[in-house]
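The values are calculated or read from the model by the stated rules, or taken from the named source; none is laboratory data. Quick caveat, the model's predicted, so the values are computed rather than measured. Neighbour counts run over all protein chains shown; Cβ positions are idealised from the backbone, glycine included.
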Amino acid sequence: MDFTPHTAADVEVMLEALGMTDVSELFSHLPAEVILQGALDLPEPLAEAEVMAHMEHLARGNRQGLICFAGGGIYDHYLPPVVRSLAMRPEFVTSYTPYQSEVSQGVLQALFEYQSMVAAITGLPVANASLYDGASAGLEAVNLAAVATGRATIWVSAALPPPTRQVIDTFAQARGIEVVDHPIAAGRTSWDETCAGQPAAVLFAQPNYLGVIEDYEAAVRLAHDRGALAVVQVDPMLLGVLRTPGHAGCDVVFGEGQPLGSPMSFGGPGLGIFAVALDLLRRIPGRLVGRTVDENGATAYTLTLRTREQDIRREKATSNICTNQGLNAVAAAVHLAWLGPWGLAEVGRQSIQKAHYLAKRLAELPGVSIAVEAFAREFPVSLPINPHQAVAAMAERGYLAGIALDAFPQVSNGMLVAVTERRSRKEIDGYVDSLEEVIAGA
């Protein structure tokens, strides 16, 4: 019942000051049914050195060095050493909430630069200082649309990434928002323009979860004809080659920023990218850093244009997000600065070219087909064997083969495969040869 800093003598002194004889008296006011009866079934405690040795033993059981062809939102892009070197400097690592601008100019400037870069790659004028991850940024987009329009229905592409959809569904149920699906045909969303109702938002991904490039015009036109916001989830590493959502007329853009500046790290932490049209400036969630001048005329940075209701009268707030992934945002800014516009475009081009090379090779295998046509750097493969079996067998051969498409039964024995600029021709050819062996062996 006591914590590491508290010795038995410390606990005794505290109990005496409270007029108690046992720690359990602290909880005597609680109903008996919520109090744990008996001891937990836990092993004997270990010393710190023993715990570290045990964790190292468990870590040795992990499979190391798998060549990654999995994606679905988290991607294996090249991460330049300069990102870690700069982002992990103590002045960034120890920064948290820069409410006191006069002592936070460094991190505020870094976040301002991040915002400026996100605005540039999305083609929208305003970006915030990041959110937790792509999925939570999606629910913030839905919330913003519902508040801005006063409506309680959203129209969603069935090809939205499942993690985003799950978070939105949970939020929508709690908030009383109806989610209406629009199906996919040949991998692309088939928007039903005869669908009745007035949605708050038309929500889709570009590219979608199957890697297919969606029709911007159809989604944006449908949204604006109904007086709704056009909301899109983007892949930031493809924004150097695909048309920007701002240019396409989208009102809100969000996405998972992990590929910018962050390792895969078993799926986290992520980084929520978020940008909006100018008329939605006052509704943007989280933090917004502005640049101005101080009383001496010197450049200065500060948190600005965000309603304090996010912190105080919370029931009046558009959003209750009061923090962000600041360190990941700094890392993303460093990575984007390192890439520059030409580097970002080159990453996108190489990823797309290599993905199409892999798709062509896979289509030559017996029983294998590519389930879509107009894809970017990710695509669904229809296999002649169970995809889970294929993923497990490929791991034995040194490849993280992809993601089984359980959420998309329209792709028979489907597996989602992703390619980044890191994959060499030798790795791609080895992947194909290994999958051919797995299929033959099955």
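Please give the helices (runs of 4 or more DSSP H) falling wholly within segment 20-100 in which 2 or more residues are among the small types (Gly, Ala, Ser) and surrounded by fewer than 11 Cβ atoms within 10 Å (Cβ to Cβ).
Values: elements: 48-59, 81-87, 90-93.
The helices (runs of 4 or more DSSP H) meeting that bar are 48-59.
Is at least one residue of segment 136-144 small (Gly, Ala, Ser), on the phi < 0 side of the Ramachandran plot, at pLDDT below 95 and more than 13 Å from the chain's Cα centre (by Cα)?
no
So in segment 171-190, with the set limited to residues that are hydrophobic (A, V, I, L, M, F, W, C) and farther than 27 Å from SER351 by Cβ, which one is surrounded by the most Cβ atoms within 10 Å (Cβ to Cβ)?
Ranking the candidates gives ILE177 first.
Inspect all residues belonging to segment 411-419 and state whether any of them is modelled with pLDDT under 95 and surrounded by 18 or more Cβ atoms within 10 Å (Cβ to Cβ).
Checked segment 411-419: at least one residue is modelled with pLDDT under 95 and surrounded by 18 or more Cβ atoms within 10 Å (Cβ to Cβ).
Please go through segment 254-269 and pick out each residue that is in contact with a helix residue (DSSP H, G or I) (Cβ under 8 Å, 6 or more places away or on another chain), surrounded by fewer than 24 Cβ atoms within 10 Å (Cβ to Cβ) and outside any loop (DSSP other than H, G, I, E, B).
Across segment 254-269, there are no qualifying residues.
How about segment 107-223: which strands (runs of 3 or more DSSP E) wholly inside it have at least 3 residues that are of a type in the set (Val, Ile, Thr)?
On the way: elements: 153-157, 178-182, 201-206.
Where strands (runs of 3 or more DSSP E) fall fully within segment 107-223 and carry at least 3 residues being of a type in the set (Val, Ile, Thr), they are 153-157.
Residue-by-condition table, conditions (1) in contact (Cβ under 8 Å) with a residue 24 or more places away in the chain; (2) out of contact with any helix residue (DSSP H, G or I) (no Cβ under 8 Å at 6 or more places or on another chain); (3) not aliphatic (A, V, I, L, M):
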{"residue": "SER28", "(1), (2), (3)": "no, yes, yes"}
{"residue": "GLU33", "(1), (2), (3)": "no, yes, yes"}
{"residue": "LEU40", "(1), (2), (3)": "no, yes, no"}
{"residue": "ASN62", "(1), (2), (3)": "no, yes, yes"}
{"residue": "ILE67", "(1), (2), (3)": "yes, no, no"}
{"residue": "VAL82", "(1), (2), (3)": "yes, no, no"}
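If ASN386 passes every condition in (1) over 22 Å from PRO161 (Cα atoms); (2) in contact (Cβ under 8 Å) with a residue 24 or more places away in the chain; (3) surrounded by fewer than 21 Cβ atoms within 10 Å (Cβ to Cβ) but one, which one does it miss?
Single failed check for ASN386: (1).
Hey, does segment 234-253 have a residue that's at pLDDT below 95, of a type in the set (Asp, Glu) and in contact with a helix residue (DSSP H, G or I) (Cβ under 8 Å, 6 or more places away or on another chain)?
Checked segment 234-253: no residue is at pLDDT below 95, of a type in the set (Asp, Glu) and in contact with a helix residue (DSSP H, G or I) (Cβ under 8 Å, 6 or more places away or on another chain).
Could you please find all residues in segment 225-247 being free of Cβ contacts under 8 Å to residues at least 40 places away in the same chain and touching a strand residue (DSSP E or B) at 6+ places or on another chain (Cβ under 8 Å)?
Result: ARG226, ALA230, VAL232.
Before we move on, is PHE92 farther than 30 Å from ALA404 by Cβ and aromatic (Phe, Trp, Tyr)?
Judged against the criteria, PHE92 is a match.
Looking at THR94 and the list (1) among the β-branched types (Val, Ile, Thr); (2) in contact with a Pro (Cβ under 6 Å, 6 or more places away or on another chain); (3) without any contact (Cβ under 8 Å) to a residue 12 or more places away in the chain, which single condition is not satisfied?
(2)
Taking segment 185-213, which residues are more than 25 Å from LYS354 (Cβ to Cβ), touching a residue at least 40 places away in the same chain (Cβ under 8 Å) and among the aliphatic types (A, V, I, L, M)?
ALA200, ALA201, VAL202, LEU203
Does segment 341-360 contain at least one residue that is surrounded by fewer than 22 Cβ atoms within 10 Å (Cβ to Cβ), hydrophobic (A, V, I, L, M, F, W, C) and modelled with pLDDT under 90?
For segment 341-360, residues surrounded by fewer than 22 Cβ atoms within 10 Å (Cβ to Cβ), hydrophobic (A, V, I, L, M, F, W, C) and modelled with pLDDT under 90: absent.
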